[in-house]
Amino acid sequence: MRKYVIIGPQGSGKGTQAKRMTEDLDIVHISVGDILRWNVSHYTKLGAQVRRLMARGELVGDDLVQSVIASRMSRHDWNHGFVVDGFPRNGAQAEFFLESYDLDGVINLDMPDDELKRRVLARRLCSQCGLDYNLIDSRPRREDRCDACGGKLVTREDDTPEALDARLREYREKTQPVIDIFSRKEFVVTIDARAGIDEVQADIRRKLGLPLRDADDAEAATDGTDGTDTTDGTNGTKTPGRTRGTAHTSDDDDDGSDD
Ligand SMILES: [Zn+2]
């Protein structure tokens, strides 16, 4: 079994990288952000709770996230392994996770603040359903319109450079204890996340001793795509090296509710 946790600040591409690991390796991507977004767009009780928090400008708390993960893990559909994204969020949760699951590795995506800012400030949010997009690597099919509900896309009020600085500070403060705990007991691989999507994926696999994807090799060799290429925005067809068309599930910064 292959059991991993992926850690990285918003804008580091961790959702995209985690998803890519599941494409050919028989493991499940367990993303807090995806679970919350699914619940929001399917009007579940949990989704309503998340909406209320977002409407009040509050964050989804660590306890709620922990219960979401606990219930997701209890489905046991990950017989061959998983990559968890968006959890643990603090030292106590990291200890709990280590006791419950025997991790094989922790992927720590590292990116300097100025690059994170460039990426995060390209984010857009659906004013109607709360799904989020990124003008760099998960563009909506129609400009300024949500793929899911047609709502208008807006910039989040709290996506200002000042607010982002504060969030990055908080991320680093909360995450460092998690990384420290994992470093003591588990295999932490630190990855330079500034490179292109394919290169980052290949680096993760090399450092974890996982087989490389043929596609990654080929793509990296031919176009060196970095995920910032512009897209034609006409349909949801997947093009290798791009993540467009799955804006609400492929983004990297969880859920628009923890940040
Ligand atoms: Zn929408």
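Mind counting the residues in the stretch 126-139 that are near the ligand (Cβ under 9 Å from one of its atoms), buried (at least 22 other Cβ atoms within 10 Å of the Cβ) and either at negative phi or in the same structural domain as Arg169 (by TED's automatic domain parsing) (or both)?
Number satisfying all stated conditions: 2.
Within the stretch 140-156, count every residue that is in contact (Cβ under 8 Å) with a residue 40 or more places away in the chain and surrounded by fewer than 13 Cβ atoms within 10 Å (Cβ to Cβ).
2
Give the stretch 112-124 a look and list any residue that's touching a strand residue (DSSP E or B) at 6+ places or on another chain (Cβ under 8 Å) and buried (at least 22 other Cβ atoms within 10 Å of the Cβ), or say none.
Within the stretch 112-124, Arg119, Arg123, Arg124 qualify.
Suppose the filter is farther than 21 Å from Met54 by Cα, more than 16 Å from the ligand (Cβ to nearest atom) and in contact with a Lys or Arg (Cβ under 6 Å, 6 or more places away or on another chain); does Val200 pass it? Steps first, answer last, please.
Details: farther than 21 Å from Met54 by Cα: yes; more than 16 Å from the ligand (Cβ to nearest atom): yes; in contact with a Lys or Arg (Cβ under 6 Å, 6 or more places away or on another chain): no.
No.
Would you point out which residue out of Ala220, Ala202, Ala193, Ala163 is hydrophobic (A, V, I, L, M, F, W, C), at pLDDT 95 or above, surrounded by 13 or more Cβ atoms within 10 Å (Cβ to Cβ) and over 19 Å from Ser31 (Cβ atoms)?
Numbers: Ala220 fails: at pLDDT 95 or above; Ala193 fails: over 19 Å from Ser31 (Cβ atoms); Ala163 fails: at pLDDT 95 or above.
Step by step, each of Ala220, Ala202, Ala193, Ala163 is checked, and only Ala202 is hydrophobic (A, V, I, L, M, F, W, C), at pLDDT 95 or above, surrounded by 13 or more Cβ atoms within 10 Å (Cβ to Cβ) and over 19 Å from Ser31 (Cβ atoms).
Within the stretch 73-104, which residues are surrounded by fewer than 21 Cβ atoms within 10 Å (Cβ to Cβ), touching a strand residue (DSSP E or B) at 6+ places or on another chain (Cβ under 6 Å) and either at pLDDT 95 or above or on the phi > 0 side of the Ramachandran plot (or both)?
Answer for the stretch 73-104, where residues must be surrounded by fewer than 21 Cβ atoms within 10 Å (Cβ to Cβ), touching a strand residue (DSSP E or B) at 6+ places or on another chain (Cβ under 6 Å) and either at pLDDT 95 or above or on the phi > 0 side of the Ramachandran plot (or both): just Gly81.
Does Ala148 satisfy being of a type in the set (Gly, Ala, Ser) and away from the ligand (no atom under 11 Å from the Cβ)?
Considered against the rule, which asks whether it is of a type in the set (Gly, Ala, Ser) and away from the ligand (no atom under 11 Å from the Cβ), Ala148 comes out as no.
The values are calculated or read from the model by the stated rules, or taken from the named source; none is laboratory data. The shown structure was predicted, so the numbers you read here are calculated from the model rather than taken from an experiment. Ideal geometry is used to build each Cβ from the backbone, glycine not excepted, and the neighbour counts take in all protein chains shown.
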